[in-house]
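Presented below is the structure to which this report refers.
The values are calculated or read from the model by the stated rules, or taken from the named source; none is laboratory data. Just so you know, these numbers come straight off a predicted model, no measurement behind them. A quick note on method: Cβ atoms are made from the backbone with ideal geometry, for glycine too, and the neighbour counts reach across all protein chains shown. In case anyone asks, the SASA skips ligands and DNA or RNA and just uses the protein heavy atoms, side chains included. Shrake-Rupley method; radii C 1.70, N 1.55, O 1.52, S 1.80 Å.
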Amino acid sequence: MSSDGAYSHHRIPIDVTPAALERALWALVALSLVGDVVTTFVGLHLGLAESNPIARSAIDGYGLAGMLALKTLAVGVGLACRPILPDVYKPIVPAGLAIPWTIAVGINLYMISSVV
């Protein structure tokens, strides 16, 4: 099977370099990390429970320091793995951190709104 040019390539209307995309995603990592920590602790203060058993254990044992240690570990693993990727794929690292944390913020906000 060969490509005869029948496939169209879709491009976004602006040029975004992998480096610029990665910078934007690292900013989203920072925002989502803070948002996740804040909304988690607000939810816990309102009587909600942490659903992640590892995070729950860290929070129960060490409080905010435990939660921050987990986040630091996750970012550290991402930064340690980043150099092995070709430049074009490096934005995957912050995306892999930012996407689940941003979703967690949304879930936390929904749960908080259900008890307030």
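On the given criteria, is GLY47 on the phi > 0 side of the Ramachandran plot, at pLDDT 95 or above and outside any helix (DSSP H, G or I)?
Values: on the phi > 0 side of the Ramachandran plot: yes; at pLDDT 95 or above: yes; outside any helix (DSSP H, G or I): yes.
Answer is yes for this residue.
Can you tell me which residues in segment 54-76 are closer than 20 Å to LEU97 by Cα, open to solvent by less than 80 Å² (accessible area, probe 1.4 Å) and free of Cβ contacts under 8 Å to residues at least 24 places away in the same chain? Give the derivation first.
Initial filter on segment 54-76 (closer than 20 Å to LEU97 by Cα): 54-56, 58-59, 64-76.
If we keep only those that are open to solvent by less than 80 Å² (accessible area, probe 1.4 Å) too, we end up with 55, 58-59, 65-71, 74-76.
Of everything in segment 54-76, those that are closer than 20 Å to LEU97 by Cα, open to solvent by less than 80 Å² (accessible area, probe 1.4 Å) and free of Cβ contacts under 8 Å to residues at least 24 places away in the same chain turn out to be ALA55, ALA58, ILE59, ALA65, GLY66, ALA69, LEU70, ALA74, GLY76.
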| request: Could you grab the pairs with beta carbons closer than 8 Å, sequence gap of 6+ or different chains, first residue in segment 86-115 and more than 23 Å from THR72 (Cβ to Cβ), second one surrounded by fewer than 17 Cβ atoms within 10 Å (Cβ to Cβ) and of a type in the set (Gly, Ala, Ser)? | output: ASP87/ALA19; VAL115/GLY47
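Collect the residues in segment 27-52 that are over 18 Å from the mean Cα position of the chain (by Cα) and either over 12 Å from VAL105 (Cβ atoms) or open to solvent by 50 Å² or more (accessible area, probe 1.4 Å) (or both), keeping them in residue-number order. Outline the logic, then answer.
First, the residues of segment 27-52 that are over 18 Å from the mean Cα position of the chain (by Cα): 42-49.
Once the filter is applied, which keeps residues that are over 18 Å from the mean Cα position of the chain (by Cα) and either over 12 Å from VAL105 (Cβ atoms) or open to solvent by 50 Å² or more (accessible area, probe 1.4 Å) (or both), segment 27-52 yields VAL42, LEU44, HIS45, LEU46, GLY47, LEU48, ALA49.
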| Just wondering, is there one or more residues in segment 82-93 that are assigned to a loop (DSSP other than H, G, I, E, B), out of contact with any strand residue (DSSP E or B) (no Cβ under 8 Å at 6 or more places or on another chain) and on the phi > 0 side of the Ramachandran plot? | no
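What is the residue count in segment 81-116 for residues that are touching a Ser or Thr at 6+ places or on another chain (Cβ under 7 Å) and open to solvent by 40 Å² or more (accessible area, probe 1.4 Å)? Talk me through it step by step, then tell me what you get.
Of segment 81-116, the ones touching a Ser or Thr at 6+ places or on another chain (Cβ under 7 Å) are 98, 101-102, 105, 108-109, 112.
Retained after the next criterion (residues that are open to solvent by 40 Å² or more (accessible area, probe 1.4 Å)): 102, 109.
Result for segment 81-116: 2.
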